[in-house]
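None of the figures in this text is laboratory data; all of them are computed from the coordinates on show. Bear in mind that the values here come from a model prediction, so they are computed numbers and not experimental data. Please note: Cβ atoms are built from the backbone with ideal geometry, for glycine as well, and neighbour counts cover all protein chains shown.
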Amino acid sequence: MPTWRPHRTASRRLGAWESTAAHQRAIFLGAAGAVTAVVGRRPDLLVIVTPLIVAAVWGHLARPRTEVTGTARLGDTTLREGSVTGLYVHTTPALPDVHGVVTVARVPWLERKPSSGIAELDDGSATIGLRSTRWGRRRIGTVSIALVSSWGAFRVGPVDLPDLDSATLPVPASFDASAPTPHPRGIVGLNRSNRPGSGSEFNTIRQFHPGDRLRRIHWPVSMRTGNLHVTSTFTDEDAHVFLLADCFSDLGPREGIDGRPTSLDVTVRAAGAISEHFLRSNDRLTLRTVGAAEVPTLGVGSGTNHLRRVLDTLAAIAPATERRDTGEHAIRGVDPMALCLVLSPLVEPTMVTLAHTLAARGMTVVVVDTFPDHLVNDPKSAYQALAWRIRLLGREADVHNLRQRGVPVVPWHGPGSLDNVLRDIARRASAPRLARR
């Protein structure tokens, strides 16, 4: 799949200067009035049309003779929800005594400052503020430039510049988890292991052995006993987290960062928050989407660079663009020891089936319910709230079946949402198991 690259700069020649209707009227009325005044011997009429003749001649002599190029540039092509950037427009060359106007068309989830989207060119330059209010990849509104010479005699434009693109990354919701990640296996994470080794968690104080690091010498005990002692630690391990995002539906009004979230808003922002938490703990993470077309495939990775790739992938989601997606490709090749987090409002049957499939393969699965509560408690639309309550009665059966299978379903409430379930999974993983001999 080709890499998406935003267009930051757009440039276009504005074309040849053309006379305006006002200039043509001044020429016609001035010439007609002068001829009539001479033929009819009307000096008063000649006095009346003289200003029109002077303005027409002046405007024609002062007309621009240079072709102008208009250029628009975005300050930042990658934004965060609610952040602001500038649209910088200038003309080359900057002609004196030429007035110009820049307009930016209105597009959804993009606020303009000034709100009219119109700015006057000052010495050939103008700046318009843009504020993105919702995540996603989208085009900036069409930028148009119009120039007018002295006395409004000649003009060029309005000319539309080529489209500019920008990507708005989701702002991760506030999330933190104090519970350990199940099934750690690596050697670079922050999860405590049960075996001693190089790490940060204290284990015990023991006698010095050849190969121990000098910085681990425990001087109080060494001075008291007369023999060198060192502090030993538990090995730090990293785990693998697999995120599966439901992109089949976008339930609720799309009000952006300043309003109530839709189900996909909750899903995307929760995925960003969970990814940020685990990646900063040096865990490995994989993100897959179901129900969205043309989303780039993201492999396993860790670190802050991988977090940026996760947010770029989330910004590329277009909801319900692949309704025939069964999700089999998304869950193919998943690490059997990974912690599988399915983020979904559980309205699409495909996501319920995928959660059952992952659980049937023996994986550790947690379903994060991202259904927005305000859809059911909306006082502005009583009938819509009633319809959602009836729909949720059927959804409760799916949730009950998942819990009967041992798959926990946890509503998303930000920090601490996964603490209890991750502790239960960790205790269950460390409990003794019955084995056949």
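Structure notes:
- GluC sites (Glu not before Pro) restricted to the range 215-277 and DSSP loop, no more than 11 other C-beta within 10 Å: none
- Classification of the range 346-421 by its C-alpha gyration tensor yields an oblate form. The axis ratio a/c (a ≥ b ≥ c) is 1.5 or more, and b/c is at least a/b.
- The alpha carbons of the chain occupy a box of 125, 66, 39 Å along the principal axes, longest dimension given first.
- The charge dipole of the range 265-360, taken about the Cα centre with unit charges on the Cβ atoms of Lys, Arg (+1) and Asp, Glu (-1), comes to about 160 debye, rounded to the nearest 20.
- Estimated FRET transfer efficiency (A94, H7; beta-carbon r; R0 30 Å; 0.05): 0.80
- Overall form of the range 236-299 per C-alpha gyration tensor (a/c, 1.5; a/b vs b/c): oblate
- Alpha-carbon centroid distance for the pair the range 127-158 / the range 76-126, whole angstrom: 6 Å
- Full extension of the segment from A21 to I217, taken as 0.36 nm per residue of separation minus the current Cα-Cα distance, would add 61.5 nm.
- Restricting the range 278-330 to trypsin sites (Lys or Arg not before Pro) in coil, as DSSP defines it, with at most 14 other Cβ within 10 Å: R323, R324
- The Cβ shell under 14 Å around D165 holds other residues with a net charge of +3, Lys and Arg each +1, Asp and Glu each -1.
- Normalising the Debye intensity of the range 264-398 to I(0), with uniform scatterers on Cα atoms only, and taking log10 at q = 0.09 Å⁻¹ returns -0.30.
- Loop trypsin sites (Lys or Arg not before Pro), the range 333-394 (other Cβ atoms within 10 Å of the site Cβ: 12 or fewer; DSSP): R361, K380
- Label-to-label distance, Q404 versus L228, with points set 7 angstrom from Cα along the beta-carbon direction: 6.4 nm.
- Each Lys or Arg adds one and each Asp or Glu subtracts one; over the other residues with Cβ under 13 Å from the Cβ of H23, this totals +2.
- Between 0 and 90 degrees, the angle of helix 21-39 with respect to the longest Cα principal axis of the chain falls at about 0 degrees.
- Relative contact order (%) - the chain, alpha-carbon pairs under 8 angstrom, separation at least six: 13 percent
- For the chain, the longest principal axis of the Cα atoms and the long axis of helix 263-280 meet at an angle of about 60 degrees.
- In the chain, the calculated helix contribution to ellipticity at 222 nm averages -9000 deg cm²/dmol per residue, counting -39,500 (n - 2.57) for every DSSP H run with n ≥ 4.
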